[in-house]
Each structure stands twice: as C-alpha cells, then as structure tokens.
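Encoded as structure tokens, the structure appears first; notes follow it.
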Amino acid sequence: MKLKLFNLSSLYILLILLAGWYAAASVIQPLLHFSFQQIGFYSGWEFLANYSSYPGGIADYLAGYLSQFFAFNTFGSFIIVAVASIQGFIALDILKRFSGELKFRFTVFAVIFLLGILVLSDYRYPYYASIRLLLAYLFTWGFTVINSRWPKASILLWPVLAALLFYLASGSSLFVFALSTAIIAIAQNKQRIWLLVIPAFAAFAALIFYSGYQFIFQITLKNLYGITMVRPPEQLAYTPGLPIYAYYAVLPGFLMIVWIYLQFPKSEVLPEPAAKSKKGEKAVAKIRFYNKDLFLLSIQLIAFVLLGYFLLDKYHDTLKKKLITIEYLAENEQWADLLNYSKSIEKYDFRVNFQVNRAHAHLGDLPERLFSYPQLLGISGLFIDPTTMVGSSFVPTSDLYFDLGFMGESQRWAFEAETLLPNSPRILKRLVMINLVNRKYQLAGQFLKVLDKNLLCRDWVSKYSKYVSDTTLAASDKLIAEKRRFTPKTELYNVGTLQGLRLLFDTNRDNRMAYDYLLTFFILDSQLPQFVEYLQYYSHFNLKKLPRTWEETLAVYIMKTKAFPSFVKEETISKTCLQQFTEFNKVVRSYKNDLPAAQSILHRDYGDSFWYYLLYLNPKVTNVLKTKTDVR
Amino acid sequence: MIKKSIYLFAALILITLNSCQSKIGNFAEVSRLPAIFPDYTDILIPPNMAPLNFTVQEPGTEYEVRIHTGEDNRLVVRSKSPSIQMGINSWHNLLKKGMGEKLFIDVFVRQKDGNWQKFQPITNEISKEGIDNHLAYRLINTAYGVWNNLGIYQRNLENFDQKPILENKSFEYGCLNCHSFRHNDPNSMMIHTRAIHGGTIIIQDGKLRKIDTKNKYTLSAGTYPCWHPDGKHIAYSVNKINWHFGTGETRMEVSDEYSDIVVYDIEKNTLTTSPKVSTASRENLPNWSPDGKFIYFTSAPVVTNLDDRIQGKYDLLRIAYDVNTNVWGSVDTIISSREIGKSISFPKISPNGKFLMFCTSDNGYFTIHHPQTDLNLLNLETGEYHKMEINSPQTDSYHCFSDAGHWFVFSSKRIDGLFTRPFFSYLDDSGKATKPFVLPQEDPEFYNTFLKNYNIPELITGEVTVSPLDIRDKVLETAVAAKLDPSVDTLYMKSHLSAPKK
C-alpha cells in the first residue's frame, strides 16, 4: 500500500499530539500551574479594564480565561496542546504559502509544538506568553495571505496590523511579527525594491515602541519589549530561559532557513534506474532508501521523541514539581497523601517540613511523629517567618493560623497575600471564612460577591452565601464554630509566635492543635522548663500515655533536673522510653562523648528521636538557619 | 417609499415599547423609607455632584424612581433591576434648576403579583454651593507590609471619570504616597516615591522637580507634608516609623520612635528646622494656618519604652514661623491630650481660618486603623471644640476641606468596617455638619466588590493636567539633594539626632 507523504506526516502529527497531551497531563500537570500561580479569572468589565490599560493586556486576559481551566488537569492539558498545535498548524500554512510543498512539514510542526509545551515545564511560566505568541502567528498568517494576493495593499495594512498587535500582545510579539513578515514580503515579492521593507518595518516597529512608551502607556520600557513582564509578586517572578527564547524565535527562524534554502538553485534528485520489469508490469523508478518518505519521517519522529525527552528532562524541575504538589495537597487538606508524597522528596526542604508538621497536626500525631521528618530548621520549620520570605509563604502562614484558630494573624497574612495575588480565589475563600468566623457577615458577603464572578467558584459561593443570609448556618458549621471558640479576644501588639501560641491555648484549653504546636515549639527550641510547665495540661486531653516526643523530651528534662515533675505519675512516662534513653546515653558514653563518632550508630537506632535531634539536628547546634533552601 | 416605511415601522416599535412600560396607576403606600444602598437619604448634595446612583434594597420585579424638586423639574428612572442609574446630563439639569431646594426621591417597587408599592419619599437638599470638582486619592490594598499595584488617581466629581495621576507600574512597582496640594490647587502638587526610584516629586505649574529631602541633619526624608499658602514652602514631619500588629480590632498600629518638623523652601532647595520643633518629643503632622503665619502640629512625649510608643497620646500645638525671615516663634499648646483624654491627629484648618478639624483616637496618630477614631471640630475663634455629629462607630479619619471651605471630604470605614471610602459633608458657619454621603459610583454596587481602599482623599479645584508619563519620567530621574539652610543649628541637630533613642 502506498503511503502518501501528507497522510503519513499527518498520522505522525496526530501521534505527537497525543504524546504531547499525555506529557502535559502527566509530567507538567497544568493543575500544579493553577495551584502555584493561584490563577483566578473573573467576569465583568472591571476585571477586563485592568487588562486593557497596557500593551499585551488583552492577550493576558485571554490567557487568564484559558488558564483558569488548568484547574482540570486533562482539560488544561488539552488547552495547552491545542494552543501549541494551532501555532504549529499556522506556521505550516505560512511556510507552505511561502515555499510551496514542505518536505520537513513534520519537523516544523513538531519543533513548535514541543516548545509550546516545554515552556510550561517552569511552574512560574506566565501562560500569556503563549497567547501573545499565538496572536503574533495569527497576524503573520493574515499578512501572508493578504501579501500573496494584494502585495501593495499588504504593505499599507502592515502598520495597522503591527499597531494592533502591539496593543493586543505587546512588544515581543510585534518583534516576531515584524521579522517574519519582512522575510515573507521579501520572499514572496522577488523585486529588489521589496528589500526596503526591512528598514521600513523596523522603523515603524521602533516608532510604535517609542510612542507607546513616551505618549500612551504607563509602563516600564522593559515590560514593553520583554517577552514576559516583570511585576510582583516575587514568588512568581519568571526568569526567561532558552526554551522561551527559542519558542519566540522559531517562526522567524524557520522562515529565514527556508528563504535561504530557496535562494539556492534546486538540483533534481535523480532516481536510480528502474529495475527490469516483468512483462506487463510498469517500470518503477527505484528511490534511494534515505529519500523515501517513510524513512525520512521516521527519522524525524525518532529525533523528535529523543529531543522531547532530552529537553523535558533538562528543563522540567521535578523537585519544584514535588514541592508544588506538597503545597497543592496541603491546600486541599489531603494530609495522609501529603505525608505519603513527602517520602518521595529526598532533599530536605523547609516548606515540606512546614506542611508535614501541619499534616501530622491535622491527623493528630504531631507529638508522636514529629521527628519522622528531619526538623533541621527547628522552630523555623514549624512557622515560616513570612517577613523574610517576601510573599511566597503568606498563604501557608495564613492557613496555619486559621488552623490554629488565630483569625487576626490569619487575616493579616491573607491580606498580604491578597495584595500580591489579588485574583487568587484561594485567598478570597480564606478571607470569606475568616470573616464568617469573626461574624463579619457583610464583609464575607463582599468577598463572596467577588468570588461569584469566578466560574469555578460558583458552588462554593452558593454554599457560603447562605451563611451570610442565615447566620444559624454559620453557627452550626463545625469548623466555624470551633474557630470562634478558639480565636483570642485579648488586644495585644507585636505578638510573636510563642506568645501567640500561649495566647491561643490560654484562650481555649480545648485547642489541641495550639497545644501540640506550643509544646512542639518548646521541644524544637529546647526550652525544657517551659515545655514541662505546659506539659502538665496534657491530662486535659484524656491522654493515658504521653506521645513519643513528649516522653523523650520529658526524659531529658528528668535527667537534667534529676527530679520528676510533680504532675508526672508512674504511667505518664513509659519504662521503655526511659530504658531507651539510658541505652542512648550508654552509646554516647561508649564513644567517650565523641558525638561525631557516635552519630552513625545513633542515627540508625534513634534517628527519629528528640535525643538525636538535640545532639545533631537542632539548628542551635548546626547553625544551618542561614542556608535555608528555597522553593525557587 | 421604502425609507418612509422604515421610519413608520421604527416609530411603531417605539410606541409599542413605550406603551409596554405602562404608567403606575394604583399603588399601595408603604409607611417607611425604602432601603437603598448607598445611603443617600437626608443629605445635602452639592449642585455639581455626579448622579447619586443607588440600589433599591427592596424585593420586587420592577422599579421606578422619581427624583424631583418640583412639578416641572423631575427625572424618572424605570428599571427591571433594583440598580438605579441616572443619566449624567438630566441629573445635572435637575440639580441646577433645583439649587437650594429640597430634592425628593419617590421609590416605587412592583411586587410579584404585579401591584406597585410606593415608599415614603426620601428627602434630600441641593446646596447652593458647589464642591471642588475633583478628588485625588491613592488606591491601595488592605495589606500592611507589602504592596503591589499602587496608583494615585483623580476622580471627576461631576461624572464618573477616574484618571491616573501616577501609577507605580510605570516605575517598577515602587511605592508612592502622601500626595499633597497647595490649597486645593491641582497645579501645585507633591508626591513621595519610595523603595524604588525614591524621592519627592514637586509639580508647580507644569514644572516638575525631584528632590531628596533627606539630609544628614534630619531624621528622615520628608514624610507628612503641608504646603504653605505662598506655594514656595512645604512643611514636613520627618519620622522614624514602625509597624506593630495587633490581635484585636486595631489590626495594625503605626508608631514613631521619634519625629521632628522641617520646612522645605522650594525655590532655594533648602531645608530648615528649629530646636523648638526638633525636640526629644515627637512632633508630627504639620499644618499651616491659612494666613501662613503658624504651623499647627501634634506632639507626643518622648518614648521610653514600646508601650509608651504605642499608647502615647499626641497634643495639638502651634508655632509661629515667618517664611520670609526664617524666624520661629514659641510653641503654644492648643489642646492637650490630657485635657481631652484622647490622642490628636491630622489637624486641618478651614480656608476661612475659623475651624480646625482634627481626629481623635485612644492612642497614637495613625488613625485609619483605629475603629474608635472620630472627627472633631475646634472653633479657633472661641476655642471650643466638640466631637462632630457625623461620626460613626467605625473609623472616621483623614479629612480635607474644599477650596470654599464648607464642603469637606473624609475617610470612613462606616460601610463595612474594613475598606476606606471617601465621604462628603457640608460644614455650616456655626460648625454643624450635614449627614455624610459616600462618593457616588456609576455602578451602585461598586463598593460591595471593590477590594481597594481610598487613601488620603484630597479635594482639588480642577484636573491635574500634568501627564502621568511626564511624572513617570521625572520619577525615573535622580533626585536632587536638598541643602540645609545655613541658619540651622547643626551642633544642636547633631546632638539631637545622636541622642539615644528607645
């Protein structure tokens, strides 16, 4: 059966589309983009107005609309694949009009498609860059069509297209358009006079830039010509790398290559002499195997697969993906999954540490399993200091304070986060809940009205809007009722973490999470007398036996003070624990208190104990606080 | 023939549509006022104010609102939605004809059963005196430590047009604050920019300068400003500011470790101060008297500990200062915080020099975060002062008089307790203020979804015509350092600044 080149390459294109969809859904996971960037799109003129005041804003608006569907992993991947493939098909059509039948049709499509997906391997990638480029492709295609039919008219139309594109998709798209159309205009119109389009287009593009900056838009020059915009928040500060530069350069690059290729006289590829045919059979010219379509296409396909694998491996940061997944699981309160998933991250990270502690607290086993994750940062892994993290920790910090019942602090960090990510539905939801807890129904209603303009929040809004109109619903909501009981009423200023935890526990002795965090704070900060001072309240929680880390800490206290606190009964601390502590000390002594020498054996037997932490991991011992890892 | 047929057809459609909107025949009277948002009831309206669009918060399927001053001066709005939006021209015609008269608003609501209800008419009044036609303000989020998109904007009060004066996206998202005008004049303005491309931008009659007002003999760059009436001098406080976060209703407190007052001479580009306003106490928030002979300011005792610093109360003082001779008078206490039991902030004198409006709160001076902050009025002729009747249980703070001196704007969180909105009121010659009303918006539901705050509302008599792009270009330039006036006692300032602070 004879396979036509077109059909075969179409089949291969279909194959890579499916492979791309799979890769986007399973490797990149647009859901993580959605979660990390906290994408929020709202209906209404006010929201659109924010995007209409700067060049590229309209493309950003469209990108915002599309990328909100990243919340659905499969559909989000489909959007990514669709946009990348539309770019590929547009490029194919432009090149076909430009040069006739394309031999490397598959490669052209595949490279553009691959880059369109590859750029998303960075989770800070702003999707508007893809949409801006898509508009540049569309405008270039439009120009190509017009130029092929009415060359002179196309020149007159060019400034209009360029100015419009500049407004819709900003400077970098204009650059792609200007360069591509200049090549097309020269190639499609053979007369030398057409060479003048290069300076003419360049001059006009420069004029658009200049007048845009000087007379129209309140925007920095960098944001006018850059592929992506430099703007807060810091945690989403995307640094353009090779993939995005290649992505923007690929269309003019292909046009340039094809144009140069067309300048050379074509040499006919002569087929080998036809084999002697049997009687009645047509003589078929023998084509060398390397000129056969199937071979050429298969080579291209293999090269594409290898290149795709290599580039994804190089540019997709799996650690970042894992960290974002942890944050995503925490956002969705999938605590058991979070703990499971955290095991796949071998490298220590303070964000994982923070969320693992939170997960344990939610599952009620923080005092039991505290040291199952290495607490290398001590209390800084329990509470991230948001003031040093410029934005990226605002939401988790707000979440933690909400968990603890500290509405004032939760609201404070939620507002900081809302300032940096004003469209984040997650933060607005947090503000709704805080105001419901605080009985500020009008404010909760205001935030709900904003959220109601978000397509994906309708169900959530519908549920909580009823709480605003019928306050009995809020009062009977278990979570809200609990937080109302826990939130402190005392007016204090400059409440630090420790004072805040004390305040929470003093406000309501039923606040088990605050109690766990308070004792954990003392444990991680090695404040043993204070730990014991508060440990005496353990009986309030009907604990028959102390959880492991409390026992271990108490054992150290007893050893240091050589006395049992008055509230400690025989059954409070297990004999096993005391025996293990004795064993632990024996090992240390057997190494003549040479701690580095004893570390390996102690790690093997006691690596997840408070005793090991005290000697080897405590930041007061290791001084590691200056070398915090960063999610970026 | 075809053309005529089209016209006839169009006319028929119009007649049909009009007849569909049948006139209200019978209606039931409801013996109360209708609930409307924003609250535009029982207020005095400037004759040049934009339409007071509102939402009728009564259930119904159709609404008709008749706004009138008399039989021949009326405006009718019929709407299927409770959102009542009036045409700008017809509204202004109505106000113009009815100046000095009562303005009635009759609200009719159609019930599900098709019957109409009429509520008791809302009665307002149209003032004979107009308000300055523009309002300048900063729009900021509710965060305390970080900022993102910031801008200073001007709103035409006669319609709904808002234009930027300067937005921080034009200079790499630096901070900008404390816009100030010389006696409501849009041609004399200053803005501070901070963090990135920092400095003070001074705009006078289209000429722009960028100044660095920090000097080694001053505590900081100029902070809270006030223009001298001559337009050649600006008094600033210089402050060492810190933030403290609270667990209660006052979510954040801003306090000064120390602060002084300086005067900047625009023409000479010099800064001056005096040991009388650069003491160990915390002098703050200067405000010139309309004749330019006195600086009114607040002052709190020296800080000895953190509690002092946060809980300290400010007195209201004044000092004579002659800008021509650079001679300082002596300090006089106008109102003592001990006497009033409150801390005083933001003293502002009415243009006729008769009243001084100020804020009071339990402590400190950064009143916008204090729910208990109230506006007060001091009669400078009699020395009597009182808490104004316009206060609400929520924050009522920063204020600014209009050019003519009767209308004023102030910041209030009375709508929801969180977001700051500008409210207007009229102060008569006896010191009585009318019920305040919020800045009208085209969409009456605007304040229910707008999550930014109106910060430092300043009334101005016209539009700031200097382009935001010109201001941006100036912001991007390097600031010119202000020099110290030779008359400043540098030895004193040196020892004052090096004194141990707590």
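The values are calculated or read from the model by the stated rules, or taken from the named source; none is laboratory data. Because the structure is a prediction, the values reported are computed rather than measured. We place every Cβ from the backbone using ideal geometry, glycine too, and count neighbours over all the protein chains shown. What goes into the accessible areas is simple: the full protein's heavy atoms, side chains included, and nothing from ligands, DNA or RNA. Shrake-Rupley method; radii C 1.70, N 1.55, O 1.52, S 1.80 Å.
List of remarks:
- Burial order of peptide ranges A:127-133, A:244-250 (average beta-carbon count within 10 Å, highest first): A:127-133, A:244-250
- Per residue, the accessible area of the stretch B:134-484 comes to 32 Å², computed with a 1.4 Å probe over protein heavy atoms only.
- Sorted peptide list for A:151-161, A:430-440, criterion being average Cβ within 10 angstrom, highest first: A:430-440, A:151-161
- Packing around the peptides B:153-159, B:264-270, taken as the average count of other Cβ atoms within 10 Å per residue, puts them in this order, highest first: B:153-159, B:264-270.
- Gyration tensor analysis over the Cα atoms of the stretch B:27-126 returns equivalent ellipsoid semi-axes of 23, 13, 12 Å (largest first, whole Å).
- Here is what passes the span test in chain B: the DSSP H helices with alpha carbon length of 18 Å or more along the helix axis and a Kyte-Doolittle mean of 0.5 or above are B:2-20.
- Based on the Stokes-Einstein relation at 10 °C and a viscosity of 1.306 mPa s, and on the Kirkwood radius from alpha carbon pairs, the stretch B:134-484 is assigned a translational diffusion coefficient of 78 µm²/s.
- Neighbours of B:Gly100, meaning other residues whose beta-carbon lies under 15 angstrom from its beta-carbon, give a summed charge of 0 when Lys and Arg score +1 and Asp and Glu score -1.
- Degrees between helix A:197-211 axis and first principal axis of chain A (Cα, 0 to 90, nearest 10): 30 degrees
- Stokes-Einstein diffusion for the stretch A:66-136, with the hydrodynamic radius set to the Kirkwood value over Cα pairs and evaluated at 25 °C in a medium of 0.890 mPa s, equals 191 µm²/s.
- Peptide A:478-491 shows a mean partner chain C-beta count of 1 within 10 Å per residue C-beta.
- Net charge in the neighbourhood of A:Leu443 (other residues with Cβ under 12 Å of its Cβ; Lys, Arg +1, Asp, Glu -1) is +3.
- Kirkwood-type radius of chain A, with distances r between different C-alpha atoms, in Å: 28.9 Å
- Computed from the C-alpha gyration tensor, the three semi-axes of the ellipsoid equivalent to the protein assembly as shown are 55, 48, 33 Å, from longest to shortest.
- Area hidden from solvent between A and B (accessible, protein heavy atoms only, 1.4 Å, total, Å²): 3700 Å²
- Surrounding net charge for B:Pro121, when Lys and Arg each add one and Asp and Glu each subtract one, Cβ distance under 15 Å: -3
- When the alpha carbon gyration tensor of the stretch A:1-81 is reduced to an equivalent ellipsoid, its three semi-axes come out at 34, 17, 8 angstrom, largest first.
- In chain A, the longest principal axis of the Cα atoms and the axis of helix A:151-188 are about 20 degrees apart.
- 0 to 90° range, to nearest 10: angle between helix A:548-561 axis and chain A longest Cα axis: 50 degrees
- With all protein chains in place and a 1.4 Å probe, the accessible surface of the protein assembly as shown carries 58 percent carbon and sulfur.
- Rg and Dmax [Cα atoms of the stretch B:252-374; Å; Rg one decimal, Dmax integer]: 14.6, 43
- In the stretch B:457-497, the residues that give up 50 Å² or more of accessible area when the other protein chains are added, compared with the chain on its own (1.4 Å probe), are B:Leu469, B:Arg472.
- Average partner coverage of B:145-153, which counts Cβ from other chains inside 10 Å: 5
- Shielding of peptide A:217-223 by partners, expressed as the average count of other chain Cβ atoms within 10 Å per residue Cβ, is 5.
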